[in-house]
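Data block below; observations after.
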Amino acid sequence: MRGQIVVEGYAALFGTPDMEGDVVRAGAFRESLKRRPHAPMLLQHEPRLLAGVWSALREDARGLFVRGRIDPTLPGAARARAALGDGVDGLSIGFVAVVSERTPAGRVLIEVELLEVSIVAQPMQPQARLIWREAAAIAHAA
C-alpha cells in the first residue's frame with residue numbers, strides 16, 4: 001500500500017541482560033506467537049500512538065525478529081515516521097511475564113505473553129534495534 005514504510009529488527013535478544021537485569025531465554029515467545037502471530041506497532045509504548053502492525057514475528061538463534069509496516073492511516077504513523085527520520089531505531093517489547101525466575105541481577109524470562117512491540121528512543125535492551133527500514137520512503141513520507 002502506498003505510503004507504508006517497512007521496518008524490521010530485533011525486539012529482544014536472547015541471553016542479553018536489559019537495563020533492569022532481565023534476560024529473555026530462547027523459546028520464551030513460542031506459545032505467545034502461536035496464539036497471536038501479529039502484534040501492534042506502537043510508538044514509545046503509547047496505546048494512542050498505534051503506528052502499524054508487526055506482521056512477521058519469529059524467534060531465531062539471536063532473539064525475537066520482527067518485521068512490519070507503518071500504516072499512514074493510523075494515529076501514530078506520522079510521529080513514527082518523524083522519529084525514524086530523526087534516527088530513532090530502538091525497539092522494545094510490551095509483555096507479561098508468564099514464567100520467570102528471580103536472580104540476584106534481575107529475572108530470567110522463561111515464558112512471556114507478547115502484547116506489543118514499540119519503536120522507542122531508549123530501549124531497555126540497548127541492542128534491540130531496527131536493522132532495516134525503507135530510508136527513501138521515510139524521507140518522502142515525512
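A short reminder: the numbers here are calculations on the coordinates, not readings from a lab. Remember, it's a predicted structure, so these values are computed and weren't measured experimentally. Neighbour counts are summed over all protein chains in view; Cβ atoms, including those assigned to glycine, are modelled from backbone coordinates with ideal geometry.
List of remarks:
- Gaussian network model of the chain, springs between alpha carbon atoms under 10 Å - residue of A82, A128, A61 with greatest fluctuation: A61
- Residues E20 and V99, FRET efficiency given R0 of 22 Å [Cβ-Cβ distance, rounded to 0.05]: 0.80
- Overall form of the stretch 72-123 per C-alpha gyration tensor (a/c, 1.5; a/b vs b/c): oblate
- Tail weight of P(r) past 20 Å, computed on alpha-carbon pairs of the chain, percent: 42
- Candidates I93, I70, I110, ranked by Gaussian network fluctuation over the chain, Cα under 10 Å, top entry: I110
- HN-Hα J in Hz across the stretch 104-110 - Karplus 6.51, -1.76, 1.60, θ = phi - 60°, x for Gly and Pro: x, 8, x, 10, 9, 8, 8
- Rounded to the nearest whole Hz, the Karplus-based 3J(HN,Hα) values (6.51 cos²θ - 1.76 cosθ + 1.60, θ = phi - 60°) of the stretch 57-62 follow the sequence 10, 7, 8, 10, 4, 8, with x at glycine and proline.
- Highest mobility in the GNM of the chain, judged by mean-square fluctuation with C-alpha springs under 10 Å and restricted to V112, V66, V98, is found for V98.
- Taking other C-beta atoms within 10 angstrom as a stand-in for reagent exposure, R69, R48, R36 fall in the order R48, R36, R69, fewest first.
- Averaging 1/r over every pair of different alpha carbons in the stretch 1-74 and inverting the result gives a Kirkwood radius of 13.3 Å.
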